[in-house]
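FYI, it's all coordinate maths here, none of it is from the lab. Note that the structure is predicted; figures quoted are calculated from it, not measured. Here the Cβ positions follow ideal geometry from the backbone for every residue, glycine too, while neighbour counts run over all protein chains shown.
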Amino acid sequence: MSQLRATKPGLLVCTAVCIFIFIYLRNLTPEEAEEEPTHPAVVECGFYPDELCSALFEGKEAAPQIAKFCRNPHGSEILAHLHRPGNCSRISQELHFITRPLSAEEASFSLAYIVTIHKELAMFVQLLRAVYVPQNVYCIHVDEKAPKKYKTAVQSLVNCFENIFISSKREKMAYTGFRRLQADINCMRDLVHSKFQWNYVINLCGQDFPIKTNKEIIHYIRSKWKDKNITPGVIQSPSIKSKTSQSHLEFSPEGDIYVSPNAGFKVEPPHNLTIYFGSAYYVLTRKFVEFVLTDIRAKDMLQWSQDIHGPERHYWVTLNRLKGHYAQDTCVYGPGDLPWIIQSPSLFANQFDSTEPLVVSCLERWHRLRVLGQAEGPVEAHWHFQRESHFNTELNR
């Protein structure tokens, strides 16, 4: 009896705290947010993810503190949909895939995507449904080392879409190793030989996420990069020249692959090429992809790149300079980064991780609002992530 008396007041206190945090988060201005919320551990993201996301985007100071105690509101739900038996129509609806072109302009301009993945299945689904439209084509490279259950789940999802396929040749990926580059080449070969017509190819990894809509990406390419490749980079500085002048070998002890330098030094680059250093990410024309797959200089450069450190950061930018800004450390975004992410002029953001699951969940809700807000035709109900939302619709403007 005494235990019951002790529990009931505790429950009332807990309920009162939850209501307080709920009201506090909705009404607090940045100037007022000087104290951390009381007992934030009682917060459960599943009760109001949209309100918390809105507060994060608006930069309310209390929001990141509350977000630290939130669980993934959608990851387990996504996995449940994938593993539940059912037809493809059910899967595409429950996972909110957009199944019609949203404008005539988009319908007439197809993009190809190369997505390399090895973990975080739910996050991959969030990325895929964010960039998916039926007029584009998608090549998914799954790391050969990935667990069988992971591969099976990806294959089951891919089987539901005619314009998504798994790369015909899988690589055992190594960070900064040659096989990361080879995986892209494999997908490019599949894309060129596929029945789909496409204008540009964009490469992503499973921990990326778009911050521009499909229509905005097309506008950006057409306005600033028509018939050109986007491969940012500079001539490599002396401080990083050892990455290409010294040979690096891939090893696989007990199934794990890593890259290690050896004592050997490489010969000069083929065809007297000047080596550039840049991003592993790109937007490439179809014509350039065909050049990469057939030109002797590109083939020789690929062969030469097999034992250098991080070849994907040299290969594309070096080849693109034949026709003739910078390097960043990896940063995993947190909830407090959301306001400036959505203001960025970039097309995509990298990188996201399951340790900060709410970031992608908020970002995809904001992104989907923008996508559907730009639609020029009828919108299906299941394309929305929520029917009645407290999400601030002004963020869509």
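Couple of notes before you dig in:
- A Förster distance of 51 Å, applied to the separation of the beta-carbon atoms of residue 152 and residue 376, puts the FRET efficiency at 0.85.
- By average C-beta atoms within 10 angstrom, highest first, the peptides 144-153, 279-288: 279-288, 144-153
- Residue 267 versus residue 119: modelled label distance in nm, points set 7 Å from Cα along the beta carbon direction: 3.9
- Computed extension length for residue 287-residue 168: 40.7 nm, one decimal, from 0.36 nm per residue of separation with the Cα-Cα distance subtracted.
- Extension gain from residue 79 to residue 196, taking 0.36 nm per residue of separation minus the Cα-Cα distance: 39.2 nm
- Amide H to amide H distances under 5 Å link residue 205 with 116, where only residues 5 or more positions off or on other chains count and H is placed in the peptide plane.
- The modelled label-to-label distance for the pair residue 299/residue 94, using points 7 Å beyond Cα in the direction of Cβ, is 4.8 nm.
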